[in-house]
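Novice: There's a structure below that I have some questions on.
Readers should treat all values here as calculations from the given coordinates under stated rules, not as data from a laboratory. Values in this document were obtained by computation on a predicted structure and should not be read as measured data. Heads up, the Cβs are rebuilt from the backbone with ideal geometry, glycines too, and the neighbour counts pull from every protein chain shown.
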Amino acid sequence: MVLTLYKLNASPPARAVMMTIEALGISDVEFVDVNLLKKDHLKDEFLEMNPQHTIPTMKEEDGFVLWDSHAITTYLVNKYGETDDLYPADIKKRAIIDQRLHFDSGILFPALRGSVEPVLFWGEPSFRPENLAKVTAAYDFTEKFLQEGSWLAGDDITLADICCVATVSSLTALIPIDENKYPKLAAWLERCAAKDFYKKQNLPGLQEFDQLIKSKVV
Ligand SMILES: N[C@@H](CCC(=O)N[C@@H](CS)C(=O)NCC(=O)O)C(=O)O
């Protein structure tokens, strides 16, 4: 295998990497599930590889290890992409994509993690209103970013869309997207959902994530 991906289908950042692997057509990949509920990520073997104990984590056959979905997806395009379409070398295009990736890291995903953690892991019966307010704020920003083009970084689909849609599609389990309030965001989500890589690599894990949330929220 050219690379091993440590993941869980329910994990949004893991799905971002899985979609990227699919979109790039990298076939020689071993997928290894890391069960967070059973604390597999806190075992010595995993901690030696990634002391930050997060999934997704990637390992290549020469022993090179990388974690964080944004670092992994950009690396995969740089290393395995036949073209740079998903992460163009043009420095201004790339800078906008990087900004969206940091937006996912700094705003979208923390809004998700902050909301679901108390429910999934701390036994709280419902989402805290102050956390849900961060989800709405994240939707507001994303709607604004989509004023400029059909995709998050302009007129072409890029890693910005793949990484952000893994998170936004998961956020809809908390707050559905109201297409009257967020018409651009709703249309973008539909455009993403029509892509083959989304259907194959995001949808199944998203459904698992939805079920998990439904089973915990009272
Ligand atoms: N910024 C990271 C976030 C990764 C992350 O927080 N993953 C969660 C699962 S969705 C995780 O591994 N949680 C276990 C932990 O942090 O100990 C990325 O994009 O890869």
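Novice: What chymotrypsin sites (Phe, Trp or Tyr not before Pro) in segment 83-149 are in a loop by DSSP, with at most 10 other Cβ atoms within 10 Å of the Cβ?
Specialist: Filter output for segment 83-149: Trp122.
Novice: I would also like to ask the following. Which GluC sites (Glu not before Pro) from segment 50-147 combine a DSSP loop assignment with at most 12 other Cβ atoms within 10 Å?
Specialist: When the GluC sites (Glu not before Pro) of segment 50-147 are filtered for loop state and at most 12 Cβ neighbours within 10 Å, Glu61, Glu82 remain.
Novice: At a 10 Å Cβ-Cβ cut-off, how would you order Ile21, Ile177, fewest neighbours first?
Specialist: Ascending Cβ contact count within 10 Å gives the list Ile177, Ile21.
Novice: Which percent, to the nearest 5, of DSSP beta bridges fully inside the chain are antiparallel?
Specialist: Looking only at bridges with both residues in the chain, the antiparallel portion is about 60 percent.
Novice: Still on this model: Would you calculate a helix-derived [θ] at 222 nm for the chain, using -39,500 (n - 2.57) for each DSSP H run of n ≥ 4 and dividing by the full residue count, to the nearest 500?
Specialist: -16500 deg cm²/dmol
Novice: Using only Cα atoms, figure out Rg for the chain and give it as a multiple of 2.2 N^0.38 Å.
Specialist: Against the compact-globule rule of thumb, the ratio is 0.99.
Novice: To continue, here is another question. Could you list, in their original order, any pairs among Lys43/Lys79; Lys7/Lys195; Lys59/Lys144; Lys59/Lys92; Lys39/Lys93 whose Cα atoms are separated by more than 32 Å?
Specialist: In this structure, Lys59/Lys144; Lys39/Lys93 exceed 32 Å between Cα atoms.
Novice: Would you please classify the overall shape of segment 34-109 from the alpha carbon gyration tensor, given that a ≥ b ≥ c denote the square roots of the eigenvalues, rounded means a/c under 1.5, and beyond that prolate means a/b larger than b/c while oblate covers the rest?
Specialist: Oblate, because a/c is 1.5 or more while a/b does not exceed b/c.
Novice: A follow-up question, please. Contact order normalised by length for the chain, with contacts defined as Cα pairs under 8 Å and 6 or more residues apart; what percent is it?
Specialist: 26 percent
Novice: Placing unit charges on C-beta atoms (Lys and Arg positive, Asp and Glu negative, everything else neutral), compute the dipole magnitude of the chain about its Cα centre in debye, rounded to 20.
Specialist: I would put it at about 660 debye.
Novice: Still on this structure: Using the 10 angstrom Cβ neighbour count as an exposure proxy, how do Thr167, Thr172 rank, fewest first?
Specialist: With the sparsest Cβ surroundings first, the list reads Thr172, Thr167.
Novice: Please arrange Lys38, Lys43 by counting, for each residue, the other beta carbons lying within 10 Å of its beta carbon, fewest first.
Specialist: Neighbour counts put them in this order, fewest first: Lys38, Lys43.
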